Amino acid sequence: MIPDLPGAPSRSWSRVMDLGQKQLYEIRADLLPEPILSAAQSVANDQTPTVFAVEGQRLAEASPPIIWDRPSERDTDRSSDMVDMFVVDAASDEPQRIVGAGSLRGTVLHKLMEELLTGELGRIPDEVIRRAAELLARLQSTDETDAARPDSNEMAETALRTLALPELTHFLAQLVPEVPLWTAKPPHFLAGRADAAEGERIALVVDWKSDVNRHGGGTQ
């Protein structure tokens, strides 16, 4: 007889369904026939070192190593999933945390550039400043030395000034932000994300840099 399971959870199959176990007869081991022992069949091991080496080589060829290169993970001013941090569940009011003011500024700048290129955000200074302040409020630095938080006005001005660069004028209408990039050249595989790219066949890739070039006059 299949025994009852007193410790089974109340919602388990043993509790919910009547499987008719109580109607089964108890198994009488003393009434079972004596087992008939059969002669053990010995199997010869004909695997030689040569056969073993060939099989190992075949397994190695069928399981090539994969070496991933993820350049986006090396960015100090933003992680590869940082953009998704701005999509916060309505039920959660807890601000996202990020390390360092430089990373905080870079994250907000990258998000501003994305929304400016998609058209979600108009190129109106007051609107960009307001959006920068909103994004900044969603993030919280974990750096105890971060006394001065990034300035919303400065970040908005930097983003708009970047879009006004003459080098970008010809490509702005075709630039698509946050484009995932993949390529395979076994055993090397690349998985990354371009800040912005132009054309379906990606004729141009743009990488925003948020560090300030004080001597060269750079903006982003």
Counting only DSSP loop positions in segment 25-70, the chymotrypsin sites (Phe, Trp or Tyr not before Pro) whose Cβ has at most 15 other Cβ atoms within 10 Å are TYR25
Pseudo-spin-label distance ARG130 to TYR25, built 7 Å along Cα→Cβ, given in nm, is 8.5 nm
Expected sort for 173-179, 41-47 on mean C-beta neighbours within 10 Å, highest first, is 173-179, 41-47
Burial-style ranking of 180-189, 160-169, average other-beta-carbon count within 10 Å with highest first, yields 160-169, 180-189
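Quick note: the coordinates plus some simple rules give every number you see, no bench work behind them. The model shown is predicted, which means the values in this text are computed figures rather than measured ones. Please note: Cβ atoms are built from the backbone with ideal geometry, for glycine as well, and neighbour counts cover all protein chains shown.
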